[in-house]
2 protein chains.
Amino acid sequence: MSEKENVLDPIVSLCKRRGFIFQSSEAYGGFAGFWDYGPVGCELKNNIKAAWWRHTVRLREDVAGLDASIIMHPAIWKASGHADTFADPMCMCRACKKLMRADQAWDIFDEGATSAALAALIADGRADAGKTANWCKGRGKPLAPNLPAIARAETRLPEIFGDIPACATPRELFTLLAQDGGAEAVLPCPHCGGAMTEPRPFNMMFTTIVGPVADPANAAYLRPETAQAIFAQFPNILATSRQQVPFGVAQVGKSFRNEITPRNYTFRSREFEQMELEFFIKPDEAVELLHGKVITLADNPDLSEPQPAWGWEVWHKYWVEQRKQWLMNVVGLPENSFVEYWQTPDELAHYARACVDIQYAFPFGVQELEGIAARSDFDLTQHQQHCGKSMEFFDEALKIACKNLDAAARETFTQKVVADWTSRHKDTEKARAFVANLFEGKYIPHVIEPSAGVDRLALAVLCNAYAEETVTDEKGASEVRTVLRLSPVVAPVKIAVFPLVKNKPELYEHARGVFKKLQRRWNCFWDESGAIGRRYRRMDEIGTPWCVTIDFQTLEDGTVTLRERDSMKQERATLNALIEKVDGLL
Amino acid sequence: MSEKENVLDPIVSLCKRRGFIFQSSEAYGGFAGFWDYGPVGCELKNNIKAAWWRHTVRLREDVAGLDASIIMHPAIWKASGHADTFADPMCMCRACKKLMRADQAWDIFDEGATSAALAALIADGRADAGKTANWCKGRGKPLAPNLPAIARAETRLPEIFGDIPACATPRELFTLLAQDGGAEAVLPCPHCGGAMTEPRPFNMMFTTIVGPVADPANAAYLRPETAQAIFAQFPNILATSRQQVPFGVAQVGKSFRNEITPRNYTFRSREFEQMELEFFIKPDEAVELLHGKVITLADNPDLSEPQPAWGWEVWHKYWVEQRKQWLMNVVGLPENSFVEYWQTPDELAHYARACVDIQYAFPFGVQELEGIAARSDFDLTQHQQHCGKSMEFFDEALKIACKNLDAAARETFTQKVVADWTSRHKDTEKARAFVANLFEGKYIPHVIEPSAGVDRLALAVLCNAYAEETVTDEKGASEVRTVLRLSPVVAPVKIAVFPLVKNKPELYEHARGVFKKLQRRWNCFWDESGAIGRRYRRMDEIGTPWCVTIDFQTLEDGTVTLRERDSMKQERATLNALIEKVDGLL
């Protein structure tokens, strides 16, 4: 692990010690980029996934679920663009032969040598001060042992930046350098100072061969995202789920990316889990034909309940709000722990209308937790072209609405759409065909995509919950208490049950009875060994919100001691009062 | 699909029509061996997995969970034996170039040409009649169009079987033929009658390259089973979970096998999901030292509650019973739908003490649903040897018990173990080292492995639930009702809510209120369109156990019509009575 990860050490240590997360294949020396969730870790992860599924699918009538295969027809990745463009530019050092992502070679420099160069460029008016500061934010420390190499790079940087247009973002600087092969001339190896090869694209999809013949023609990929299966199965889901646009399709599952340098613990790994929703909406033009208007953000709409006349902009904002509410109210991340970052027009993919990154302030920097993208009709259109099957939705209400339009009204509408599309550099003929199709009630739905990573969310939850605090023990001595302040919904164990002593059969049996009763409702933990204080500490470390102790008074009046994790307050309650209380909070 | 699969047609058709199962990548022509679960299919599968997790992990104190990565260190598959021996013998036709599993080429013949040859061999005393009948059972029909090829094979069979020992099983016949390369001389291609190559091993693990360098040294595998991660992480789980042997580790997750001929719908696919438990127990010798005896099946033990003196045989039987109970009482498979098949000594893997296959009578034949194997200490021993880390458990009680043994008692015990091991063709020195270790309280646990396939269980559940019955509709006409009699626990939707009419606001709003209330507890479905009878039929087809209709009487007395799927009986109940009833059944 690099120095950047030291900030995570207390969390990594707790996760290992208490069985949240282990290195994959640890007994074999580990396997970079792969992680295993232990007994409490898998419960935490399962709870996050279950809460997402419940709120995204089960409590909504307009979302259907899907569980598609990880390996799919390779043509799907041709259609999606992943086969051709899902690549990181990668450099190799000609001297020490180390491979690294070209942009990460930049990372290594940016607060060290390049920070000086960037400062010079800002002063010179060629780099934008705000954007540069933003880009550098959260990228960790330079590699101190490489100072000679850095110094050499620094002396050469001004000559490199000579061709760069004024006020470029650091990303643009890098792209331009990579495009003209200049990076080779630019960056020495951050490890040894040697000359680097120019960046070459490296496809991040894992490849395998399906079937018995080891022929590249039989290559298939491990999905790098779950989303494409949703697009490929759109016609089947439409035909079987009784849904009408607008509606969504949700999926939770593993994805794989052959990251060149997996890092930041479980944040960027080669195997990870996603929770993705593709929410299909009408094109704004269809909304206008149906409702005579399109509600935009300028109308300052109430986002609590979807409305038929919403355009894509409002739907996008709606899902940003929905996701934030879920992160705060269900997962328990405080509002001030994350940043809503709206990508600037020059950062957006060519087909995207808008994209919001919800970023979390991890100890190693502010990093993306999930993205909510307005992807237009790009994906379904690509698939329709590649597979030859229609990805259109037939909107009966739209067809009926269009029947009332006379030729003049149709032409006016067509002209308006053509003008709009042309202003967005789109094809006039395509605009005309699109409108003609609309008049028949047919269109390819647009999509809003909230896409979250389970592992990075679990990591954010752990980082947010982790606390060390000085408390005073029963004997008045002060000690450090490590506690995970997990929200009850995601906590692996909800209630721990302790018999005060284990050598009194009546008390012990009563406690077993309480445990068995609670265990049928929630994931519970039985602990009969050690002092109560030590048992509390063990539960604090795995984030168990409540501990119940059965003591001698229980045998008299049926009340138990209920101890709350965060306040450490203890109160007596009957079992039924306790069940009611916990039920209300879960 | 082959003829064998026609028996599944009604189920395949329903699964497609109602959104249980789609072909993976169907819009792209499908992708053999891969399947997607649609909106109701993924709920069914999730319910099966959740019920397994609940009963195997959450309701037990002696089982911990794990969620490990699919791609692990390749050395794990060397240790497990999969890298070297996880292979199917495969033949290619030299004429038509078709590839097939050598044993499946046999399948194609066994009820056609070879059935005559096998009958002759039985009559001749060289094949065992019972075993041959057993082996042939459930293997489908011969390929009628290939009669000329079959006839040719038939005339050559007696010469081939000349060298086979008397009373061989068909499996032995095949193995011998494959070993001496005789299969080439034996079987013509079942597709074209051409000559076949001799069987060659084909490793069924999918291979990929991890990291940026496309070097075979960086090859890694997609796991072909979830079990090995449990063994590899045994030390970590032992250290963090506060468990003592006996205890288990459970995992649910995807596995991958590059099947040459995936078939029988989702039964044998290339990507599938497993639910595996590795339950670690003390070696019988440790039990004897601790308790002075080892309880075996000969003692006719009560299997309801584990006992300290149980030997491996009783633990194995215990898990067979646990699994059967779960399949019957939770999943809802009737006892007479499955067969408990105890593998014969010659069928067992060399390290296995016993293995029970729970077989289900699928429409295409009796096939394995899950296996419960007593695997001795083979797996942990293999990993200890390969990774160099200790896989031993330190049993303090055992060490204390052994302290009381004098030298004579130790030698008597050692002699007994040596005699026992020698009788099982095991090494004397290893037996001595094992006993010396035991006296120190240390041993590598043995393991009982109940291993179930989620997809084949889901398929069994669908096959078992599927029924077509003639019923009389409201107008007295008879019609065929298709119904899935799913157990409520696994049913995708628990309750459907219908407003009798949708144009009475008061009734409609009341119905929405009922729906919203029920939806917070269970997965519910709202349907307001069409006649009530048609709405019932739609719910019957996805196996929804209860339908609730809100009608005019509801507005008067608060009662709703509760219609039960299987009996189609309707009764009036208050909402609270309904909730209580459903709660009791879930």
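The values are calculated or read from the model by the stated rules, or taken from the named source; none is laboratory data. Keep in mind it's a predicted model, so treat the numbers as computed, not measured. No Cβ is skipped: glycine too gets one built from the backbone with ideal geometry, and neighbour counts run over all protein chains shown. Remember, those area values only see protein heavy atoms, side chains included, never the ligands or the DNA or RNA. Shrake-Rupley method; radii C 1.70, N 1.55, O 1.52, S 1.80 Å.
Points to keep in mind about this one:
- Cα centroid separation, the stretch B:443-498 to the stretch A:514-540 (Å): 36 Å
- Computed from protein heavy atoms with a 1.4 Å probe, the total accessible area buried between A and B is close to 6900 Å².
- Sorted shortest first, the distances from the A:Ala467 label point to those of the same residue in the other copies are 5.6 nm; each point sits 7 Å from Cα along Cα-to-Cβ.
- Simple label model, 7 Å out from Cα along Cβ direction - B:Glu564 to B:Arg512, nm: 3.3 nm
- Coarse-grained scattering of the stretch B:18-57 at q = 0.22, 0.27, 0.36 Å⁻¹, given as base-10 log I(q)/I(0) from a Debye sum over alpha-carbon atoms: -0.70, -0.82, -1.03
- Shielding value for A:12-22 is 3, the average number of Cβ atoms from other chains within 10 Å of each residue's Cβ.
- Inter-chain shielding of A:235-246 (mean C-beta neighbours from other protein chains, 10 Å cut-off): 4
- Chain B residue with Cβ closest to the axis mapping B onto A, distance in whole Å: B:Thr208, 2
- Taking the DSSP beta bridges with both ends in the stretch B:445-586, the antiparallel portion is around 65 percent.
- Positive-end residue of B:Trp421, B:Ala373, B:Cys355, charge dipole of the stretch B:344-459 with Cβ unit charges: B:Trp421
- With 40 Å² as the minimum drop in accessible area between chain alone and full protein complex (1.4 Å probe), the qualifying residues in the stretch A:517-549 are A:Gln519, A:Arg520, A:Asn523.
- Mean separation of Cα contacts under 8 Å, 6 or more apart, over the residue count of the stretch B:3-75: relative contact order %: 19 percent
- Spin-label proximity, B:Arg520 to the stretch A:320-354 - amide N less than 20 Å from point 7 Å beyond Cα toward beta carbon: A:325-332
- Pairs of alpha carbons in the stretch A:432-586 whose separation is greater than 25 Å (percent): 43 percent
- FRET E, pair B:Ala217, B:Asn437, Förster distance 51 Å, beta-carbon r, rounded to 0.05: 0.90
- Accessible-area value, B:Val330, 1.4 Å probe, nucleic acids and ligands omitted, Å²: 20 Å²
- Taking all protein chains as shown and a probe of 1.4 angstrom, B:Glu396 keeps an accessible surface of around 120 Å².
- Within 10 Å of each Cβ in A:40-51, the average number of Cβ atoms from other chains: 3
- Other-copy label distances relative to B:Gly30, 7 angstrom Cα-Cβ extension, nm: 4.5
- Accessible surface of the stretch B:364-493, 1.4 Å probe, proportion on carbon and sulfur as whole %: 50 percent
- Alpha-carbon centroids, the stretch A:566-582 and the stretch B:230-261: separation in whole Å: 35 Å
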